[in-house]
Amino acid sequence: HGATELDEVGTEVLPRRTPAPAWLPTTKGEEGDFCLRSSDCAAGLCCARHFWSKICKPVLREGQVCTRHRRKGTHGLEIFQRCQCAEGLACRLQREHGPPDTSRLHTCQRH
C-alpha cells in the first residue's frame, strides 16, 4: 500500500513555479526550525547545533544558564549549543553565598 502511494505521488505533474534563490529565505525560521546561520532565524533566536544539525533556539535571558568558553574554537565541539546571552547581559560565574568558586555554573547577568 505505502509503496504504491509513493509511486503515484512521484509521477504527478506539479505546476511549474520559479523557486526563490536558495540564499534568499522566504521567512525567518521559528524555534526548532533548521538553519545555517543566526540570520536565518527570527528575532530573539540564534542558530545553534542540536545533535548533528543546527536549529533556531532562543537567545538566553537573565538568570538562564549559559556556556562560557575558555578557549577560542571550543564552541564548535558542543553537540547541544546554547545561544549567547541577550543584549545587555553577560555570561558570568553564578554568584552564590559560601566559598568562592564552589559552583562552576554560569548564568546570564546584567553588565
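The values are calculated or read from the model by the stated rules, or taken from the named source; none is laboratory data. Quick caveat, the model's predicted, so the values are computed rather than measured. Note that each Cβ is placed from the backbone with ideal geometry, even for glycine, and that neighbours are counted across all protein chains shown. Accessible surface is based on the protein model in full, side chains and every heavy atom, while ligands, DNA and RNA are left aside. Shrake-Rupley method; radii C 1.70, N 1.55, O 1.52, S 1.80 Å.
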So if I check each of Gly88, Gly73, which one is of a type in the set (Gly, Ala, Ser), modelled with pLDDT of 80 or more and at positive phi? Gly88
The stretch 33-46, residues that are open to solvent by 40 Å² or more (accessible area, probe 1.4 Å) and under 15 Å from Arg82 (Cβ atoms): Ser38, Gly44
